[in-house]
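What follows is a set of notes on a single structure, which appears directly below.
Derivation of every value follows stated rules applied to the coordinates shown; laboratory data play no part. Computed from a predicted structure; not experimentally measured. Using ideal geometry, Cβ is built from the backbone for each residue, glycine included, and neighbour counts are taken over all protein chains shown.
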Amino acid sequence: MMNKTIENDLLKVCISEKGAELTSILSKKEKTEFLWQADPAVWGRHAPILFPIVGKLKEDRYAFNGKDYPMSQHGFARDLSFQVIQQEENHLRFSLTDDEETWNHYPFHFRLEIDYRLEGNKLYTGYFVTNLDEEESMYFSIGAHPGLKVPLEENTVFEDYVIEISPSLDRRLFPVTSEVLIDRPKINKTKQAHFPLRHELFKDGVIILDTLDETQVTLRSTKSEKKVVFRYQEMPYLGIWSPYPNTGDFVCIEPWCGIADMVDTNGELTQKEGIHSLAPQAVFERAFEMQFFD
């Protein structure tokens, strides 16, 4: 599938029609590539869109209206072809609608639009989910999964970088099991907002925190001016992930509207933690920005 490009004086961004997935975020100033380049030996994706679920379902299935449906981790949108419905020099908008293939996994009529816009050194990503049904509510989650290259500077290493979350608050920490489900009995509160990067940080899997208010997440190093800053609100969960023990030179910073199943889930989609109910003909909108300093 084809890559599409948007650019301005500072950044050039490439997005694939497959999954409406970012594939490159390149600074024009110093030719810094900020996005992981999808080494299939480690993790063969760049920045997948997670829809209509975020995370993993227990036994990779859920129930709705008395019927079971199979669904793989993070849903199907990341593997489907999107249509370009609007294109300008600094702006691209993609669309995906339900069809016979999606109905095998997800019995809802929807339109998912992904909107990318460059303004200076900022890349805005917008999510627009429309329930096309005239009578029934639809249930879904959506989230981001961008992999950022670490290190960003040739004379630095992975361990020179840190992720910082602000404001500094008491947040719920959601431990995951080996099946990547949320271990409900072990959910606890943490004040930690400063995460020095070590590959061993991810030996127990993805780090998941709640981000219920306006949030800023920064990837930076004291040894470099290069950094990436995320800003968002109304995206109540944050995932931080890098592979372990098969390590790679990247970390994923993932704002989510949804979360994996709890270990004790009953499998009912309407009762799933973090699920959104969208009324007939209604539109759900969320957005986040990434700011790149080179």
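Brief remarks on what is shown
- For the chain, Kirkwood radius (reciprocal of mean inverse C-alpha pair distance, Å): 19.5
- Debye intensity ratio in log₁₀ form over the Cα atoms of the range 138-258, taken at each q of 0.13 Å⁻¹: -0.51
- Expected-Rg normalisation [2.2 N^0.38 Å, Cα atoms] applied to the range 203-294: 1.32
- The Cα center of the range 259-291 and the Cα center of the range 178-206 differ in position by 21 Å.
- Database remark: amide H of residue 133 closer than 5 angstrom to the amide H of 109, 281 (H placed geometrically; neighbours at sequence offset of 5 or more, or on other chains; Pro and chain starts carry no H).
- Chain lengthening between residue 268 and residue 186 when straightened (0.36 nm per residue, less Cα-Cα): 27.3 nm
- Ellipsoid semi-axes for the range 226-277, based on the Cα gyration tensor and the rule √(5λ), read 27, 18, 5 Å when sorted largest first.
- Distance from the range 9-72 to the range 240-255 (C-alpha centre basis), Å: 13
- Close amide H contacts of residue 262 (hydrogens built in the peptide plane, cut-off under 5 Å, sequence separation of 5 or more or a different chain): 182, 273.
- Cα-based Rg of the range 1-104 normalised by 2.2 N^0.38 Å, two decimals: 1.28
- Cα point-scatterer Debye curve for the range 1-47, base-10 log of I(q)/I(0) at q = 0.18, 0.20, 0.31 Å⁻¹: -0.55, -0.66, -1.11
- Candidates per GluC sites (Glu not before Pro) in the range 10-81, loop by DSSP, up to 12 other Cβ within 10 Å: 30
- Note on the range 147-203: Cα convex hull, mean projected area over all directions, 5.0 nm².
- Point-charge dipole on Cβ atoms (K/R +1, D/E -1) for the range 38-85, about Cα centre, debye to 20: 120
- Alpha carbon convex hull of the range 60-187, projected area averaged over orientations, nm²: 12.9
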